[in-house]
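Reviewing the structure listed below.
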Amino acid sequence: MTTKQTRPIIISNSEGEQTKGTLHYQVYSKQEQMGRAWKALGLFWGLAVVTVFIPIAHFFLVPGFLIAGPIVAYSRYRAVEAVERASGECPTCHEEMSVSLEASDKLPKWTYCSANNDPIQLADA
Ligand SMILES: [Zn+2]
């Protein structure tokens, strides 16, 4: 089961002002990690099979997908948590905001405040 979790983070701007925020993320179970890895492998090897039928391009697409499959699967397997979004008060405009994050994003990370596009940095508290 995927568990949703939160942890406190520090939101700061380039002037060094800081506010407290919350990071929302998902934690994958061992079983889910395996499932996600197999899915990635299946997708890439499936693409390798499909691209066999594309003339000329198959010379690099097929081996490319065959090699990329286990690499992506392994990185999926290693991903224990996936960040979703950060919320909190912007240190510059002091508005409540929520920033969407990519699953693979790592803190500290520079991004923009969703209210006024102020540059902000998200960091572990
Ligand atoms: Zn702002």
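Considering only the range 79-125, how many residues are in a loop (DSSP other than H, G, I, E, B) and of a type outside the set (A, V, I, L, M, F, W, C)? Step through it out loud before you land on a result.
Applying the first criterion (in a loop (DSSP other than H, G, I, E, B)) to the range 79-125 yields 79-80, 90-95, 101-108, 113-118, 125.
Adding the requirement that they be of a type outside the set (A, V, I, L, M, F, W, C) leaves 91-92, 94-95, 102, 104-106, 108, 114, 116-118.
Final tally of qualifying residues: 13.
Looking at the range 74-117, which of the residues that are under 10 Å from I11 (Cβ atoms) and within 8 Å of the ligand (Cβ to nearest atom) is farthest from the chain's Cα centre (by Cα)? Can you show your working first?
First, the residues of the range 74-117 that are under 10 Å from I11 (Cβ atoms): 86-92, 97, 99, 111, 113.
If we keep only those that are within 8 Å of the ligand (Cβ to nearest atom) too, we end up with 90-92, 97, 113.
Numbers: C90: 22, P91: 24, T92: 25, M97: 19, C113: 18 Å.
Here the residue is T92.
Counting the residues of the range 75-86 that are at pLDDT 95 or above and either out of contact with any strand residue (DSSP E or B) (no Cβ under 7 Å at 6 or more places or on another chain) or of a type in the set (V, I, T) (or both) gives 0.
Please verify whether P63 is part of a helix (DSSP H, G or I) and away from the ligand (no atom under 16 Å from the Cβ), treating the condition exactly as stated. Quick ask: steps written out before the conclusion?
On the way: part of a helix (DSSP H, G or I): yes; away from the ligand (no atom under 16 Å from the Cβ): yes.
The answer is yes for P63.
Which of the residues that make up the range 73-100 are free of Cβ contacts under 8 Å to residues at least 60 places away in the same chain and of a type in the set (A, V, I, L, M)? The answer is A73, A79, V80, A82, M97, V99.
The residue that is surrounded by the fewest Cβ atoms within 10 Å (Cβ to Cβ), counting only those in the range 91-113 that are within 12 Å of T22 (Cα to Cα) and of a type outside the set (S, T, Y), is E96.
Condition check ((1) in contact with a His (Cβ under 6 Å, 6 or more places away or on another chain); (2) under 25 Å from T6 (Cβ atoms)) across all residues:
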site: L43; (1), (2): no, no
site: A48; (1), (2): no, no
site: T51; (1), (2): yes, no
site: P55; (1), (2): no, no
site: F60; (1), (2): no, no
site: I71; (1), (2): no, no
site: C90; (1), (2): no, yes
site: Y112; (1), (2): no, yes
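Does V52 count as β-branched (V, I, T), under 26 Å from T111 (Cβ atoms) and in contact with a helix residue (DSSP H, G or I) (Cβ under 9 Å, 6 or more places away or on another chain)? It is false that V52 is β-branched (V, I, T), under 26 Å from T111 (Cβ atoms) and in contact with a helix residue (DSSP H, G or I) (Cβ under 9 Å, 6 or more places away or on another chain). Might you check whether a residue that is surrounded by fewer than 16 Cβ atoms within 10 Å (Cβ to Cβ), free of Cβ contacts under 8 Å to residues at least 40 places away in the same chain and among the β-branched types (V, I, T) occurs anywhere in the range 61-68? Checked against the condition, which is being surrounded by fewer than 16 Cβ atoms within 10 Å (Cβ to Cβ), free of Cβ contacts under 8 Å to residues at least 40 places away in the same chain and among the β-branched types (V, I, T), the range 61-68 yields at least one hit. Which of the residues that make up the range 75-95 are in contact with a Cys (Cβ under 8 Å, 6 or more places away or on another chain) and not hydrophobic (A, V, I, L, M, F, W, C)? Those that are in contact with a Cys (Cβ under 8 Å, 6 or more places away or on another chain) and not hydrophobic (A, V, I, L, M, F, W, C): T92, E95.
The values are calculated or read from the model by the stated rules, or taken from the named source; none is laboratory data. Model, not experiment: these values are computed from the prediction. Quick reminder, even Gly has a Cβ in these numbers, built from the backbone with ideal geometry, and neighbours come from all protein chains shown.
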